[in-house]
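Note sheet for the following structure.
None of the figures in this text is laboratory data; all of them are computed from the coordinates on show. What you see is a predicted model, and the numbers here were worked out from it, not measured in a lab. Every residue, glycine as well, gets a Cβ built from its backbone with ideal geometry; the counts of neighbours run over all protein chains shown.
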Amino acid sequence: MKGEVRGDPAHIDEHWLTDALEAAGVARGAQVTSVEVAGFIGTGQTGRSARLHLEWDQPEGRPTSLVGKFPSGDEAAKAAAFQNGAYETEWAFYHQLAPTLSIRHPEVYVARYDHQTPDFVLLMEDLRGSRQGDQFDGLTVDQAALAVEQVVGLHAPRWGDPTLHEFAPHRPKGSDAAMMLGMVYGMMVEPFLERLGPGLDADIVDVVRALAPKAGAWANGSDTPNTVVHLDYRPDNFMFGVEAGAPPLVVVDWQTVTDGNAMMDLAYMIGGSFEPAERAAVERPLLDDYRTRMAAAGVSYDADIMWRDYRLASLWGVVMTVIATIMAAQTERGDQMLTVMGQRHGRHALDLDAMALLG
């Protein structure tokens, strides 16, 4: 940490902000004369994002608005996110991984994390010309194609990089991580089903339960080289450009980033963004496009192995939905969204007969 961390938007004042932006090379000698919290962005289940309006004594060439990301306002969700390292992971992403990748992420001016308090804050560019995707609506085929193009910029640069295990040492790695995930998933299955099970098809409920004793083995993955994976690669974390000059797609929310199998991002994005009939029609072309783009970036990925990995990775959506339901702050929209996710991901795993690959 360099500088004081203020993890509550109400505590961001012009003096702290001036110092933080000066250290970031943004203020360049100018002073912030006022700052106003202009409202919150998104649903904020694991963190809060707020738009900050700024006034400067020398405004030319300096941002008049920023987006700040802060810990959740829900004490239980906040405690869980500090305990599982979500906030620390996002801070580490911008310091350690982002400079080595070509995926379009927000430009971050200030990223601070205090291990002692603990506390966390990000200040980043305001993507006002962009519109957030919506998990309920899913994606159009064109939007999914943009997401495929961007994810190549995440996966290709560090494909098979043996140093990736050094990222985020606060999180378990390898077999330890697999064992822990299996244990956590197993503990959360019944609370999840008690809360959201009535909204799921009976055969999907069966998959959720059947995965519990096999989740640890599933998490050990395949022999495909690991790379950087987002792990929550879905519409709510996509900012699509809707105004002239805005980037076509910016990917946000890097709290879950780690090293793992690339298909976890693709299967999660495709399986959670389309209803079954359309998903079955688009997934092969989207994967073919991904493989072609990866090859152009210097990464060879055998088509049959990729399809096997994709089938296995369809279970990540089930795992993520179960864990997120219990660990995130509970909201009405959140429960509705997680039910939709559980239904789509569960059907995806069933359609691909993913459980058969686990023996």
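In this structure, is Leu154 in contact with a strand residue (DSSP E or B) (Cβ under 6 Å, 6 or more places away or on another chain) and crowded, with 19+ Cβ neighbours inside 10 Å? The answer is yes for Leu154. Within the stretch 340-359, the set of residues being within 18 Å of the chain's Cα centre (by Cα) and surrounded by fewer than 22 Cβ atoms within 10 Å (Cβ to Cβ) comprises just one member, Val340.
When Ala24, Ala38 are checked against the criterion of being within 25 Å of the chain's Cα centre (by Cα) and without any contact (Cβ under 8 Å) to a residue 40 or more places away in the chain, a single residue qualifies: Ala38. Here the stretch 261-309 is the region considered, the condition is being among the β-branched types (Val, Ile, Thr) and part of a helix (DSSP H, G or I), and the residue that is farthest from His155 (Cα to Cα) is Val282.
Scanning the stretch 236-260 for residues that are over 17 Å from His165 (Cα atoms) and in a strand (DSSP E or B) returns Phe238, Met239, Phe240, Gly241, Leu249, Val250, Val251.
Of all positions in the stretch 309-320, at least one carries a residue that is touching a residue at least 12 places away in the same chain (Cβ under 8 Å), in contact with a helix residue (DSSP H, G or I) (Cβ under 8 Å, 6 or more places away or on another chain), over 19 Å from Gly160 (Cα atoms) and small (Gly, Ala, Ser). Take the conditions (1) without any contact (Cβ under 8 Å) to a residue 24 or more places away in the chain; (2) over 27 Å from Ala147 (Cβ atoms); (3) under 17 Å from the mean Cα position of the chain (by Cα); Thr64 misses just one of them, which is (3).
The set of residues in the stretch 11-25 that are farther than 18 Å from Phe70 by Cβ and crowded, with 17+ Cβ neighbours inside 10 Å contains only Thr18. When the stretch 91-113 is filtered for residues that are under 14 Å from Val257 (Cβ atoms), touching a strand residue (DSSP E or B) at 6+ places or on another chain (Cβ under 6 Å) and hydroxyl-bearing (Ser, Thr, Tyr), only Tyr94 remains. The criterion of at least 3 residues that are of a type in the set (Gly, Ala, Ser) is met, among strands (runs of 3 or more DSSP E) falling completely within the stretch 1-112, by 32-41, 47-56.
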